[in-house]
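A.B. asks: My questions all concern the structure below.
The values are calculated or read from the model by the stated rules, or taken from the named source; none is laboratory data. Everything numeric in this text was worked out from a predicted model, so none of it was measured. Reconstructed Cβ throughout: ideal geometry from the backbone, glycine too, with neighbour counts over all protein chains shown.
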Amino acid sequence: MTLLDRILARTRADLEAARRRLPPEELARRAADSPEPRREAFRAALADGPCPRILAELKRRSPSRGEIRAGFDPVAIADRYGEAGAAALSVLTDGPFFGGSLDHLRAVRAVTELPLLRKDFVVDPYQLDEARLAGADAVLLIAAVLGDALGELLRAAGERGLASLVEVHDEVELELALSAGAEIVGINNRDLRTFETDLSVFERLAPRVPPGRVLVAESGISGPEDIDRLERAGAHAFLVGEHLMRAEDPGRALCELRGAAPRAAAASQRGRA
């Protein structure tokens, strides 16, 4: 059993427990009564905002790297990211393997107007309702996880007003995403089965994406030179997590990654608010 298999097995078990605590019908009702997600704002932040557009991630730990940030404070980190000019925020909500929580997403939603992505292993519409109720504007849908069910989950997310970042790692997954109608495509440089990263994955796949889609480069980004390299290959935005989370000051690290002085980045962020 691969690590991904273990994660998915635990995800499905936790999902069944969540259904027993709160039946799907009641969750769906509460989600429908919650504020409308800002689907278009999420897409625009990744396609039209000031460059480079960083989807800055809040992540406590990872199964391959262990503890990434001691004293993890999602509200403080979200504030620093906002000051540093993040285009949008990605919040890990998987608990067993990444130390995340929907409570983290709710807490961040309460303190920022930036578009929010729920990053998790989504396998069921129930999790889409959870995401909307917690304040997400978008969800991550992983082609390697969903397979032929990707199109169904993509439609279900749209019906709930959520944007979808559809993640792929190879040619087969990319074709699946494009056939399903993905508008925002994330090319993950990390293989979810081995957790190894290689920026050439993006360079290989990006030319296969037709015009009109938003292209997000994910994983393995650790400096402005990586941003430049991936931008030349066609990236519109960049999902960065571990590099920022390991920094003493994630906000300053984000500024350095963007090539912006902290005050200038904060001014840019205020101008978008």
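A.B. asks: Just give me the residues in the stretch 15-28 being surrounded by 13 or more Cβ atoms within 10 Å (Cβ to Cβ) and either out of contact with any helix residue (DSSP H, G or I) (no Cβ under 7 Å at 6 or more places or on another chain) or hydrophobic (A, V, I, L, M, F, W, C) (or both), in sequence order.
C.D. replies: LEU15, ALA18, LEU22, LEU27, ALA28
A.B. asks: Which one is nearest to the chain's Cα centre (by Cα) among residues in the stretch 33-48 that are more than 22 Å from PHE121 (Cα to Cα) and assigned to a helix (DSSP H, G or I)? Before the answer, list the steps.
C.D. replies: Let us first name the residues in the stretch 33-48 that are more than 22 Å from PHE121 (Cα to Cα), namely 33-36, 40-41, 44-45, 47-48.
Checking which are assigned to a helix (DSSP H, G or I) leaves us with 33, 40-41, 44-45, 47.
Numbers: ASP33: 24, GLU40: 15, ALA41: 14, ALA44: 15, ALA45: 13, ALA47: 15 Å.
Per the criteria, the residue is ALA45.
A.B. asks: Any residue at all in the stretch 194-206 that is among the small types (Gly, Ala, Ser) and in a strand (DSSP E or B)?
C.D. replies: Residues of the stretch 194-206 that are among the small types (Gly, Ala, Ser), as a first pass: 200, 206.
With in a strand (DSSP E or B) added as a condition, the list becomes none.
The answer is no; no qualifying residue exists.
A.B. asks: Name the residues in the stretch 225-234 that are under 14 Å from ARG258 (Cβ atoms), free of Cβ contacts under 8 Å to residues at least 60 places away in the same chain and out of contact with any helix residue (DSSP H, G or I) (no Cβ under 6 Å at 6 or more places or on another chain), would you?
C.D. replies: Here is the first cut: in the stretch 225-234, the residues under 14 Å from ARG258 (Cβ atoms) are 225-228, 230-231.
Still in the running and free of Cβ contacts under 8 Å to residues at least 60 places away in the same chain: 225-226, 228, 230.
Hits for the stretch 225-234 are GLU225, ASP226, ASP228.
A.B. asks: What number of residues within the stretch 9-38 satisfy the criterion of being farther than 15 Å from ARG160 by Cβ and touching a residue at least 12 places away in the same chain (Cβ under 8 Å)?
C.D. replies: We begin by selecting, within the stretch 9-38, every residue farther than 15 Å from ARG160 by Cβ; these are 9-23, 26.
This time we only want the ones that are touching a residue at least 12 places away in the same chain (Cβ under 8 Å), so: 10-12, 14-15, 18-19.
Number of matching residues: 7.
A.B. asks: Please go through the stretch 218-237 and give me each residue that is under 19 Å from SER62 (Cα atoms) and either crowded, with 22+ Cβ neighbours inside 10 Å or at pLDDT 95 or above (or both), ordered by number. Steps first, answer last, please.
C.D. replies: Initially, the stretch 218-237 is screened for residues under 19 Å from SER62 (Cα atoms), giving 218-222.
The answer is GLU218, SER219, ILE221.
A.B. asks: Right, another one. Scan LEU215, LEU154, LEU176 and give me the residue that is aliphatic (A, V, I, L, M), within 24 Å of GLU242 (Cα to Cα) and touching a residue at least 12 places away in the same chain (Cβ under 8 Å).
C.D. replies: Numbers: LEU154 fails: within 24 Å of GLU242 (Cα to Cα); LEU176 fails: within 24 Å of GLU242 (Cα to Cα).
Of LEU215, LEU154, LEU176, the one residue that is aliphatic (A, V, I, L, M), within 24 Å of GLU242 (Cα to Cα) and touching a residue at least 12 places away in the same chain (Cβ under 8 Å) is LEU215.
A.B. asks: Further, regarding this structure: Within the stretch 104-150, track down each residue that is small (Gly, Ala, Ser), on the phi < 0 side of the Ramachandran plot and either in contact with a Gly (Cβ under 6 Å, 6 or more places away or on another chain) or free of Cβ contacts under 8 Å to residues at least 60 places away in the same chain (or both).
C.D. replies: From the stretch 104-150, those small (Gly, Ala, Ser) are 107, 110, 131, 134-136, 138, 143-144, 147, 149; that's our starting set.
Next cut, on the phi < 0 side of the Ramachandran plot only: 107, 110, 131, 134, 136, 138, 143-144, 149.
Answer for the stretch 104-150, where residues must be small (Gly, Ala, Ser), on the phi < 0 side of the Ramachandran plot and either in contact with a Gly (Cβ under 6 Å, 6 or more places away or on another chain) or free of Cβ contacts under 8 Å to residues at least 60 places away in the same chain (or both): ALA107, ALA110, ALA131, ALA134, ALA143, ALA149.
A.B. asks: Considering only residues that are crowded, with 24+ Cβ neighbours inside 10 Å and of a type in the set (A, V, I, L, M), look in the stretch 46-76 and name the one that is farthest from ARG6 (Cα to Cα).
C.D. replies: LEU46
A.B. asks: I'm trying to understand the selection: among the residues of the stretch 132-170, which are surrounded by fewer than 22 Cβ atoms within 10 Å (Cβ to Cβ) and either hydroxyl-bearing (Ser, Thr, Tyr) or within 15 Å of LEU4 (Cβ to Cβ) (or both)?
C.D. replies: Within the stretch 132-170, ALA144, VAL145, GLY147, ASP170 meet the criteria.
A.B. asks: Something else now. Has the stretch 241-248 got at least one residue that is under 19 Å from VAL166 (Cβ atoms), at pLDDT 95 or above and buried (at least 21 other Cβ atoms within 10 Å of the Cβ)?
C.D. replies: Filtering the stretch 241-248 down to residues under 19 Å from VAL166 (Cβ atoms) leaves 241.
Applying the additional criterion that residues be at pLDDT 95 or above yields none.
No; the residues of the stretch 241-248 include none that is under 19 Å from VAL166 (Cβ atoms), at pLDDT 95 or above and buried (at least 21 other Cβ atoms within 10 Å of the Cβ).
A.B. asks: Taking the stretch 60-115 on its own, how many of its residues are in a strand (DSSP E or B) and either of a type in the set (Val, Ile, Thr) or over 18 Å from the mean Cα position of the chain (by Cα) (or both)?
C.D. replies: Restricting attention to the stretch 60-115, the residues satisfying the condition of being in a strand (DSSP E or B) are 61-62, 66-67, 88-92.
This time we only want the ones that are either of a type in the set (Val, Ile, Thr) or over 18 Å from the mean Cα position of the chain (by Cα) (or both), so: 66-67, 91.
Summing the residues that are in a strand (DSSP E or B) and either of a type in the set (Val, Ile, Thr) or over 18 Å from the mean Cα position of the chain (by Cα) (or both) in the stretch 60-115 gives 3.
For every residue, the table says whether it meets (1) modelled with pLDDT of 95 or more; (2) among the charged types (D, E, K, R); (3) out of contact with any Leu (no Cβ under 6 Å at 6 or more places or on another chain).
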position: GLU36; (1), (2), (3): yes, yes, yes
position: LEU46; (1), (2), (3): yes, no, yes
position: ARG53; (1), (2), (3): yes, yes, no
position: GLU57; (1), (2), (3): yes, yes, yes
position: SER64; (1), (2), (3): no, no, yes
position: ALA84; (1), (2), (3): yes, no, no
position: ALA107; (1), (2), (3): yes, no, yes
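A.B. asks: Against the definition (closer than 22 Å to ILE184 by Cβ, surrounded by fewer than 20 Cβ atoms within 10 Å (Cβ to Cβ) and in contact with a strand residue (DSSP E or B) (Cβ under 9 Å, 6 or more places away or on another chain)), how does GLU40 come out, yes or no? Give the steps one after another, and end with the answer.
C.D. replies: Details: closer than 22 Å to ILE184 by Cβ: yes; surrounded by fewer than 20 Cβ atoms within 10 Å (Cβ to Cβ): yes; in contact with a strand residue (DSSP E or B) (Cβ under 9 Å, 6 or more places away or on another chain): yes.
For GLU40, the condition - closer than 22 Å to ILE184 by Cβ, surrounded by fewer than 20 Cβ atoms within 10 Å (Cβ to Cβ) and in contact with a strand residue (DSSP E or B) (Cβ under 9 Å, 6 or more places away or on another chain) - is met.
A.B. asks: Scan GLU130, GLU175 and give me the residue that is closer than 14 Å to VAL209 by Cβ, in contact with a helix residue (DSSP H, G or I) (Cβ under 9 Å, 6 or more places away or on another chain) and assigned to a helix (DSSP H, G or I). Break it down into steps so the answer makes sense when it comes.
C.D. replies: On the way: GLU130 fails: closer than 14 Å to VAL209 by Cβ.
After applying the criteria, what remains is GLU175.
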